[in-house]
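Notes follow once the structure below has been shown.
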Amino acid sequence: MPIHKVLIVDDSKTELMFLTNLLQQNGMSVRTAEGAEEAFKRLAEDKPDLILMDVVMPGQNGFQLTRAINRTPEYTAIPIIMCTSKNLETDRVWGMRQGARDYITKPVNAIELFAKIKALG
């Protein structure tokens, strides 16, 4: 399934702008959320083909939110790529255990990101 609609969940406006521009330049439609509550609102409005998930956020962190999305039957099929500054192997393993399909560290390398997106599509 080709990926056209992406939901970016990140509390950093700079990161949201950077990723939004990058994905839109590659023909994708992007919606953003700055936290768990907003993310679930966006999911209910329009189901994306992919979620890019930050880890370090106030309130519910990205690991918890990934687990919550994966435990919600109507959203389990949506792939999640963790997109975070947490670069330890234990963080990557934990992210994958929560249901993420892939893991990329910030600063995001566009070539690496699109290779991971393409591998899902």
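In segment 76-98, how many residues are surrounded by fewer than 19 Cβ atoms within 10 Å (Cβ to Cβ), farther than 24 Å from Thr14 by Cα and not β-branched (Val, Ile, Thr)?
Total satisfying the criteria: 5.
Sort through Thr14, Thr66 and tell me the only one that's β-branched (Val, Ile, Thr) and either crowded, with 20+ Cβ neighbours inside 10 Å or touching a strand residue (DSSP E or B) at 6+ places or on another chain (Cβ under 7 Å) (or both).
Just a single option satisfies the conditions, and that option is Thr66.
If you go through segment 13-43, how many residues are out of contact with any helix residue (DSSP H, G or I) (no Cβ under 9 Å at 6 or more places or on another chain) and over 20 Å from Lys118 (Cα atoms)?
Of the residues in segment 13-43, 9 are out of contact with any helix residue (DSSP H, G or I) (no Cβ under 9 Å at 6 or more places or on another chain) and over 20 Å from Lys118 (Cα atoms).
So which of Asp46, Asp54 ends up being surrounded by fewer than 19 Cβ atoms within 10 Å (Cβ to Cβ), in contact (Cβ under 8 Å) with a residue 40 or more places away in the chain and of a type in the set (Asp, Glu)?
Going through Asp46, Asp54 in turn, just one is surrounded by fewer than 19 Cβ atoms within 10 Å (Cβ to Cβ), in contact (Cβ under 8 Å) with a residue 40 or more places away in the chain and of a type in the set (Asp, Glu): Asp46.
For segment 26-112, give me every one of the strands (runs of 3 or more DSSP E) that falls completely inside it and has 3 or more residues that are of a type in the set (D, E, K, R) and in contact with a Lys or Arg (Cβ under 8 Å, 6 or more places away or on another chain).
none
Computed from the coordinates by the stated procedures, all read-outs in this text should not be read as laboratory data. The structure displayed is predicted, hence computed values, not measured ones. Reconstructed Cβ throughout: ideal geometry from the backbone, glycine too, with neighbour counts over all protein chains shown.
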